[in-house]
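Some notes on the structure that comes next.
The values are calculated or read from the model by the stated rules, or taken from the named source; none is laboratory data. If you're wondering where the values come from, they're calculated on a predicted model, not measured in any experiment. Don't worry about glycine lacking a Cβ; one is built from the backbone with ideal geometry, like all the others, and counts go over all protein chains shown.
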């Protein structure tokens, strides 16, 4: 998230009003670890939302891993 924050701020300070992040911007690792990583997905969404509010921009979070409700599985959502 540190790198994302830096790049989003750079874009916003450069005049961007809408910033689109790539798919799996917050984590791209082995598929076997996605379910565990998804437990932190709400925090990622909160951080991106806070950053958007702070900078007065719109941010499309390409995809974030969230728990799916099925053990060992996760969902990839865009928000």
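List of remarks:
- The listed residue being under 15 Å from residue 63 (Cβ atoms) and out of contact with any strand residue (DSSP E or B) (no Cβ under 8 Å at 6 or more places or on another chain), out of 24, 28: 28
- Meets criteria (part of a loop (DSSP other than H, G, I, E, B) and either within 15 Å of the chain's Cα centre (by Cα) or in contact (Cβ under 8 Å) with a residue 40 or more places away in the chain (or both)) for residue 23: yes
- A residue that is at negative phi, assigned to a strand (DSSP E or B) and either in contact with a helix residue (DSSP H, G or I) (Cβ under 8 Å, 6 or more places away or on another chain) or at pLDDT below 90 (or both) cannot be found anywhere in the range 37-50.
- Only one entry in 49, 68 is closer than 21 Å to residue 3 by Cα and surrounded by 12 or more Cβ atoms within 10 Å (Cβ to Cβ), namely 49.
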